[in-house]
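Peer 1: Have a look at this one before I ask anything.
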Amino acid sequence: MKLRLFTFPNILTLCNLLSGCAAVIFALCINDLEQAFWCVLVAAVFDFLDGFAARLMEVSSPVGKELDSLADMISFGLAPASILYSIYVATGGDELSGFAVFILVAFSALRLAKFNLDERQATEFIGLPTPACAMFFASVGYIMQQNAAAAPPVAAIVASVVFSLLLISPIPMFALKFKHFDFAGNELRYIFLGISLVLLGLYQVRALPFIILAYILVSIVRFLIRRGKSPKISA
């Protein structure tokens, strides 16, 4: 079987990967978390565009699927962990013990491997998507460096553990994928997008961590309500 490597969607995926590499360099070598944030954001845009282009051009392939996960591993696994490590060290944490935050990379790998095999994730995600996790830490790093804010170093390690568990959790999290554009059936998506756009317009990057936390909270509440309504089998 002949495999086509340099299709247009695959080139977009490689741009995602290179953007993630740039984010790692800015975070670990230059300690510029503002530029690291923009690199992660650009990677997320390319991540959206490669799938959109593949569907539009009808050129999806096994190579593209594997390449997408490899790129996401860097952009949304290693890059946010690198940003978190820089935050940890900048707030007074020891460089060696800061390696603990890279647990986020390991769990991102598990999340991506699970996503490739789990057929239930066609319409919604099971567990926190890696781009959302990456954007949370990238925006937090941007805000902290821009405002010279500080936090206890242990907060970075706690955050890495909590988000690592969210990545592989069984909680269904709604996807912003529209099969149609009618309001009926897309109520949650439209409301969430509308509120998010208003917050971004008012507060720019500062709104992102709260939007992502709201996304997680809404998904958890939705999961608990669904589970409460599910019929219980009596013995």
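The values are calculated or read from the model by the stated rules, or taken from the named source; none is laboratory data. Here the structure is a predicted model, which means the values were calculated and not measured. Heads up, the Cβs are rebuilt from the backbone with ideal geometry, glycines too, and the neighbour counts pull from every protein chain shown. When the accessible area is computed, the model is the full protein with side chains, heavy atoms only, and any ligands, DNA or RNA have been set aside. Shrake-Rupley method; radii C 1.70, N 1.55, O 1.52, S 1.80 Å.
Peer 1: Of all residues in region 145-167, which are in a loop (DSSP other than H, G, I, E, B) and open to solvent by 60 Å² or more (accessible area, probe 1.4 Å)? Walk me through it before giving the result.
Peer 2: Within region 145-167, the first condition is being in a loop (DSSP other than H, G, I, E, B), and the residues that meet it are 147-152.
Listed by number, the residues that qualify are N147, A148, A150, P152.
Peer 1: Still on this structure: Give the residues of region 110-143 that are surrounded by 14 or more Cβ atoms within 10 Å (Cβ to Cβ) and of a type in the set (S, T, N, Q), sorted by residue number.
Peer 2: Q121, T130, S139
Peer 1: What are the residue pairs meeting all of these: first residue in region 185-214, first residue farther than 19 Å from E124 by Cα, second residue in a helix (DSSP H, G or I) and among the small types (G, A, S), Cβ atoms under 6 Å, and 6 or more apart or on different chains?
Peer 2: The qualifying pairs are L199/A207; L200/A207; V205/S139; L208/S139; P209/S139.
Peer 1: Got a number for residues in region 5-47 being in a loop (DSSP other than H, G, I, E, B) and open to solvent by less than 30 Å² (accessible area, probe 1.4 Å)? Explain how you work it out, then say what you get.
Peer 2: Let us first name the residues in region 5-47 that are in a loop (DSSP other than H, G, I, E, B), namely 5-7, 31-32.
Those left that are additionally open to solvent by less than 30 Å² (accessible area, probe 1.4 Å): 7.
Within region 5-47, residues that are in a loop (DSSP other than H, G, I, E, B) and open to solvent by less than 30 Å² (accessible area, probe 1.4 Å) number 1.
Peer 1: Still on this structure, please answer the following. Tell me, which residue of region 207-222 that is buried (at least 16 other Cβ atoms within 10 Å of the Cβ) and within 22 Å of P80 (Cβ to Cβ) is nearest to the chain's Cα centre (by Cα)? Before you say what the answer is, go through the steps one by one.
Peer 2: Of region 207-222, the ones buried (at least 16 other Cβ atoms within 10 Å of the Cβ) are 207-209, 211-212, 215-216, 219, 222.
Among the residues that remain, those that are also within 22 Å of P80 (Cβ to Cβ) are: 207-209, 211-212, 215-216, 219.
Values: A207: 16, L208: 12, P209: 12, I211: 13, I212: 9, Y215: 12, I216: 12, S219: 15 Å.
Looking at the filtered set, the residue picked out is I212.
Peer 1: Yes or no: A106 open to solvent by less than 60 Å² (accessible area, probe 1.4 Å), under 24 Å from A27 (Cβ atoms) and at pLDDT 90 or above?
Peer 2: Details: open to solvent by less than 60 Å² (accessible area, probe 1.4 Å): yes; under 24 Å from A27 (Cβ atoms): yes; at pLDDT 90 or above: yes.
It is true that A106 is open to solvent by less than 60 Å² (accessible area, probe 1.4 Å), under 24 Å from A27 (Cβ atoms) and at pLDDT 90 or above.
Peer 1: Just for region 81-100: of the residues that are more than 17 Å from A36 (Cα to Cα) and open to solvent by less than 40 Å² (accessible area, probe 1.4 Å), which one is nearest to the chain's Cα centre (by Cα)? First the steps, then the outcome.
Peer 2: Step one: filter region 81-100 for residues more than 17 Å from A36 (Cα to Cα), giving 91-100.
Filter once more, keeping what is open to solvent by less than 40 Å² (accessible area, probe 1.4 Å): 91, 93, 98.
On the way: T91: 24, G93: 25, G98: 21 Å.
It comes out as G98.
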